[in-house]
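The values are calculated or read from the model by the stated rules, or taken from the named source; none is laboratory data. Keep in mind that this is a model prediction, so the values were computed, not measured. Positions of Cβ are backbone-derived with ideal geometry, glycine not excepted, and every protein chain shown enters the neighbour counts. These accessible areas exclude ligands, DNA and RNA; they are computed on the full protein's heavy atoms, side chains included. Shrake-Rupley method; radii C 1.70, N 1.55, O 1.52, S 1.80 Å.
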Number of protein chains: 2
Amino acid sequence: MNILSIARRYLPILDWGAQYTSRTLTNDLIVAVIVTVMLIPQSLAYALLAGLPVQVGLFASMAPLLAYALFGTSRTLAVGPVAVASLMTAAAIAPLAAQGSPEYLGAAVALALVSGLMLVAMGLLRLGFLANFLSHPVVSGFITASGLQIAAGQLGPVLGIRAEGETFVEVVRSLVKEIGELNPWTTAIGLGSLAFLFWSRGSLKPLLLRAGLSERVAGTLAKVGPAVALVVTTLLVFGLGLAEQGVKIVGEVPKGLPRLTLPPFDVTLWTKLLVPALLISIIGYVESISVALTLAAKRRQRVDPDQELIALGASNVGAAVSGGFPVTGGLARSVVNFEAGAETPAAGAFTAVGIALVTMFLTPLLFYLPKATLAATIVVAVLSLVDIGAMKRTWDYSRADFAAMAATILVTLFEGVEAGLLVGVGLSIFLHLWATSRPHIAVVGQIPGTTSFRNVERHAVVTDSEILSLRVDESLYFPNARYIEDRINEAVAASPTIRHVILECPAVNAIDTSALESLEAINHRLKDGGITLHLSEVKGPVMDRLKRSHFLHELTGKVHLSQYEAVASINPELARKTRDAERAPATKGNA
Amino acid sequence: MNILSIARRYLPILDWGAQYTSRTLTNDLIVAVIVTVMLIPQSLAYALLAGLPVQVGLFASMAPLLAYALFGTSRTLAVGPVAVASLMTAAAIAPLAAQGSPEYLGAAVALALVSGLMLVAMGLLRLGFLANFLSHPVVSGFITASGLQIAAGQLGPVLGIRAEGETFVEVVRSLVKEIGELNPWTTAIGLGSLAFLFWSRGSLKPLLLRAGLSERVAGTLAKVGPAVALVVTTLLVFGLGLAEQGVKIVGEVPKGLPRLTLPPFDVTLWTKLLVPALLISIIGYVESISVALTLAAKRRQRVDPDQELIALGASNVGAAVSGGFPVTGGLARSVVNFEAGAETPAAGAFTAVGIALVTMFLTPLLFYLPKATLAATIVVAVLSLVDIGAMKRTWDYSRADFAAMAATILVTLFEGVEAGLLVGVGLSIFLHLWATSRPHIAVVGQIPGTTSFRNVERHAVVTDSEILSLRVDESLYFPNARYIEDRINEAVAASPTIRHVILECPAVNAIDTSALESLEAINHRLKDGGITLHLSEVKGPVMDRLKRSHFLHELTGKVHLSQYEAVASINPELARKTRDAERAPATKGNA
């Protein structure tokens, strides 16, 4: 591969940049203005959620957008601080340093760097598949629980009381204890903002549509509700002098762009951050790639999952060197970006410029911004993450998946985000292994009028008293090797007339060394009892492998291309008579 | 279930005891004498291997045999101290107490108790399947590495030098350092015993056969070689006064039966023993049940895997309350028991009586027994555990299984038994998940002259340019859900003429919630592109579950009983023409 094709592979900007026109430019600039307005309250609020000064949120909304514009393959993904990653950041660094200290900020920056480097490494090594080990129910349960914990924690600032704790349970306990201390002015602003934001989410768009605005304009305007709440409550606090009444305000925000920094190079610190950084990386990537794939599918664009790891990693490294904290692709802002008509990642780069202008010139306007309003924007944003419908659907479809989901939710609520995620992944893997360790094994017979064989319990089929045909509905591998051995022994012991056992293997996708030894043991034992063992419908890759062992030489019977041929080789008369019979009209179900 | 049937279920002795005759009694008594003679050197040697006084080995060979006679379902399994469990005992308790101290002995006894209680609990909860998560290659690799480590460690006593260390590597390093200090008399006895034992293993039986003895008698006599070595070297040390020349001897062994004791009830100690006890329990159970199943199969007897957990647990509790250490069913002694003709577990009970008589009256005879001889019996016994052939076979058959085996061996040799076992289990599970996360997906077509569909790359088949038939050779579940989504997207993007996609599902044994969401996404995207999605050959249990979701309502195509019916519903003419064509003579392989 020459240098140019390497550059093209890792820098998608070379592709879309070459086709950039002045029409695309105008379009992307308009989008950038809309997204900037939406991003300001989010950036400030998520910085507070992570326990950091508000300007860190703005810093984390510039360099990452530029880095993503260079490396990203999605045309519309918008990266920056998001709720769940901010909560995970707080959970990871709270045990390491006191909130507000330079060490706390340093740890947040280091976390972004470690996470960014991990993501880049995973991208270069094409390890994107690791994210697949987070099953949908575990991710959904984790996001639901995180949403609940964030919402509970933000009720504190909304009411003007303290809500502290590292888990949902601790936060709720702290809320209950402090509820008597609420500040009435703060509560009025906080609950007022909450009510307005909930209303603007549900009813503003229909209202604007009725006022004659187009679908797209109405939808986009409805998304800037948080910015409106910010402006109104800031004016209220300033006009009525509410800061003196105990309403907490943002206060002075240092003006100016972030300086290029490097996080403290502290091996002990970095080592402690490894596990949280891995979890934030994977959760962030899963969130980001899902959004990117969904939006790309709507416009038939392509997203490259491995390159996305590199782009997300570069965004986090960008956040780290500009004094920010961990970022990822956010659903809400990407949807706004998409719906406002973003055509290239340049829209993101222009948004970064917009945020930079705010950081340079408008931070004094944030002085009287009440923290209660920021907390209210978070509460509204995260409650949409709580997905009760998914819990119901998962319960209906699979109790095992529901168990993994429920465990993730409960452990996250009671023990915190890291424990919840690890238990969820561990349990979903264990439940899968457990299910495959006791596979479905069907006795099959021939359907009259066909050469097909189906489960005797579900279909009217013909069997031969000397032939036991078993279909094992699972790959044969170590967790089920002995189980299958036991079931075959039992089935043979239960039918003394049997002279032949045929294992029908259309569902056997692999046979590992443990299962091979079990098959050898089965063959050996059946042989001692004067019974021959046959296989049928062995898949190509499985057969290739069996040929490398001694099993096929020792096998007392043969390997047949189809189950029909296997039965016909033993009792040709019955097999043919059944095939040529009239097909039974009623079947009891499928397969 | 009434009390009698509960008793019958948990006390197999009620079954075989009812049919006990005087002929069986005579037979079992003869067997007990042979096994007792064989068991004495083993019991003494494995106690030393575990770092315990020799009489502890004798104690661990009485109560466990009695307990197993009550609860065990195998007619011929002999429980007691074995090499690997003794090594694991030493590894578990060496960090907790100084060898030779009462705390060290107390910890060994506590380990037997914790392990015994765990096994009983696993048996009552029917958790025997947990042992299946140890794949054959991992067990084989672990036993090989343990055998190497034990052999290296015993070379110390054989040569009369110190060989200390917790891993194979440390032991070898210690041997190399001390090799100059060897005691010539000890070396003479040790290497002499080694040579005799190796010879008696390989050549004694043929010699006895040539001398006119029957196969059975010759085989049994050949197994008492270690006892002969013990007697001869003890007489040599006594006669030549070698103890004064620096040859280490067993010395005074307290006479008398063990007293009923309880291990120290120390929660901190027990907690530290949980993981090692679990590993010893599972490895011990795997070893024991394999031996029991193999021997039972030879005589068509039944062994109940869950009851065996209870029996092995009771044996360990028995060991603990009589001052012994962890025990399990041993291969060598069980084979001797079997070949000598043991008919019931009563033979084991009589062996316990034999050991008790030795403990009460014959311990003074052990005074001059050289430790070098005991070490030599261990070296010979464990080297048969090193299975190079299994490594070769595993390499030929499956590189993934070989990787798990090699990792188990290397980590055990370099980091010790617990790390080796945990890494082996973790790696074999990960490699399985990894393999299933990138399943084999075949494009299939119809074999002329049949209604069968096979891989286009392996068979001469007929396809339709508007129909893409894909067979996914794996259950659809979270680790591969997105991979399959990507592959289908790619396949469709590569063939613009496609109007129908059919997923042939004979190998799909389950569809979990994550995969269901992927299928919904695939269906949705194909629909947007004007392509219908069909399924065929969906298994009964999978179909039952799909019916509980909304997927079947949203599916743009249909679910067909067979792949032929699916294709025939779209292009009946081509399907029938192909079916009625002459069958192609040459195929490129299987399935």
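For segment A:480-591, the helices (runs of 4 or more DSSP H) that sit wholly inside it and include 1 or more residues that are within 11 Å of another protein chain (Cβ to nearest Cβ) and either open to solvent by 40 Å² or more (accessible area, probe 1.4 Å) or within 29 Å of B:Ser428 (Cα to Cα) (or both) are A:513-528, A:540-546, A:551-554, A:563-570.
The set of residues in segment A:391-426 that are among the acidic types (Asp, Glu) and surrounded by 15 or more Cβ atoms within 10 Å (Cβ to Cβ) comprises A:Asp401, A:Glu415, A:Glu418.
For segment A:304-314, the condition holds for at least one residue, the condition being that it is within 14 Å of chain B (Cβ to nearest Cβ), among the charged types (D, E, K, R) and surrounded by 22 or more Cβ atoms within 10 Å (Cβ to Cβ).
Residues are listed down the side, and each one gets a yes or a no for (1) closer than 27 Å to A:Ser115 by Cβ; (2) touching a residue at least 12 places away in the same chain (Cβ under 8 Å); (3) among the β-branched types (Val, Ile, Thr):
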site	(1), (2), (3)
A:Ala18	no, no, no
A:Asp28	no, yes, no
A:Ala63	yes, yes, no
A:Ser74	yes, yes, no
A:Ser86	yes, yes, no
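Close contacts from segment A:271-299, counting a first residue that is on the phi < 0 side of the Ramachandran plot and a second that is open to solvent by 70 Å² or more (accessible area, probe 1.4 Å) and not small (Gly, Ala, Ser), with Cβ to Cβ under 7 Å and a gap of 6+ residues or different chains, come to A:Val291/A:Leu331; A:Ala296/A:Arg302. Scanning segment A:365-378 for residues that are assigned to a helix (DSSP H, G or I) and open to solvent by 10 Å² or more (accessible area, probe 1.4 Å) turns up A:Leu365, A:Leu366, A:Lys371, A:Thr377.
Rundown of residues vs (1) modelled with pLDDT under 85; (2) within 28 Å of the chain's Cα centre (by Cα), yes/no style:
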| site | (1), (2) |
| --- | --- |
| B:Tyr10 | yes, yes |
| B:Gln19 | yes, no |
| B:Leu29 | no, no |
| B:Ala32 | no, yes |
| B:Met38 | yes, yes |
| B:Gln42 | no, yes |
| B:Ala45 | no, yes |
| B:Leu58 | no, yes |
| B:Leu66 | no, yes |
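Of all the criteria given as (1) out of contact with any Asp or Glu (no Cβ under 9 Å at 6 or more places or on another chain); (2) open to solvent by 10 Å² or more (accessible area, probe 1.4 Å), the one not satisfied by B:Gly80 is (2). May I ask you to list the residues in segment A:129-150 that are open to solvent by 10 Å² or more (accessible area, probe 1.4 Å) and either assigned to a helix (DSSP H, G or I) or at pLDDT 90 or above (or both)? Result: A:Phe129, A:Leu130, A:Asn132, A:Phe133, A:His136, A:Val139, A:Ser140, A:Ile143, A:Leu148, A:Gln149. Scanning segment B:450-464 for residues that are more than 16 Å from B:Ser536 (Cα to Cα), crowded, with 21+ Cβ neighbours inside 10 Å and within 11 Å of another protein chain (Cβ to nearest Cβ) turns up just one, B:His459. For B:Leu362, the stated conditions hold: it is open to solvent by 10 Å² or more (accessible area, probe 1.4 Å), part of a helix (DSSP H, G or I), farther than 30 Å from A:Ser514 by Cβ and of a type in the set (A, V, I, L, M, F, W, C). Here A:Leu433 does not qualify as of a type in the set (A, V, I, L, M) and either under 30 Å from A:Thr89 (Cβ atoms) or crowded, with 20+ Cβ neighbours inside 10 Å (or both). Of everything listed in (1) in a loop (DSSP other than H, G, I, E, B); (2) more than 8 Å from every other protein chain (Cβ to nearest Cβ); (3) hydroxyl-bearing (Ser, Thr, Tyr), the single unmet condition for B:Ser469 is (1). If you go through segment A:85-102 and keep only what is touching an Asp or Glu at 6+ places or on another chain (Cβ under 9 Å) and surrounded by fewer than 24 Cβ atoms within 10 Å (Cβ to Cβ), you end up with A:Ala90, A:Ala91, A:Ala94, A:Pro95, A:Leu96, A:Ala97. Being within 13 Å of chain A (Cβ to nearest Cβ), touching a strand residue (DSSP E or B) at 6+ places or on another chain (Cβ under 6 Å), among the aliphatic types (A, V, I, L, M) and buried (at least 19 other Cβ atoms within 10 Å of the Cβ) is a description that applies to B:Leu476.
The residues of segment A:117-170 that are over 14 Å from the mean Cα position of the chain (by Cα), without any contact (Cβ under 8 Å) to a residue 12 or more places away in the chain and within 14 Å of chain B (Cβ to nearest Cβ) amount to a single one, A:Leu125. Listed by position, the helices (runs of 4 or more DSSP H) inside segment A:197-282 whose residues that are loosely packed, with under 15 Cβ neighbours inside 10 Å and either in contact with a His (Cβ under 7 Å, 6 or more places away or on another chain) or at pLDDT 85 or above (or both) number at least 1 are A:205-210, A:225-240. Sort through B:Leu105, B:Leu70 and tell me the only one that's assigned to a helix (DSSP H, G or I), under 23 Å from B:Thr294 (Cα atoms), out of contact with any Asp or Glu (no Cβ under 9 Å at 6 or more places or on another chain) and in contact (Cβ under 8 Å) with a residue 24 or more places away in the chain. Going through B:Leu105, B:Leu70 in turn, just one is assigned to a helix (DSSP H, G or I), under 23 Å from B:Thr294 (Cα atoms), out of contact with any Asp or Glu (no Cβ under 9 Å at 6 or more places or on another chain) and in contact (Cβ under 8 Å) with a residue 24 or more places away in the chain: B:Leu70. All of (1) open to solvent by less than 40 Å² (accessible area, probe 1.4 Å); (2) over 15 Å from A:Leu87 (Cβ atoms); (3) modelled with pLDDT under 90; (4) of a type in the set (A, V, I, L, M) hold for A:Ile388 with one exception: (1). Every listed requirement among (1) within 11 Å of another protein chain (Cβ to nearest Cβ); (2) of a type in the set (A, V, I, L, M, F, W, C); (3) surrounded by fewer than 19 Cβ atoms within 10 Å (Cβ to Cβ) is met by A:Ile447 save one, (3).
Could we say that A:Ile289 is within 30 Å of A:Gly420 (Cα to Cα), modelled with pLDDT of 90 or more and either among the acidic types (Asp, Glu) or in a helix (DSSP H, G or I) (or both) here? Spelling it out, it is not the case that A:Ile289 is within 30 Å of A:Gly420 (Cα to Cα), modelled with pLDDT of 90 or more and either among the acidic types (Asp, Glu) or in a helix (DSSP H, G or I) (or both).
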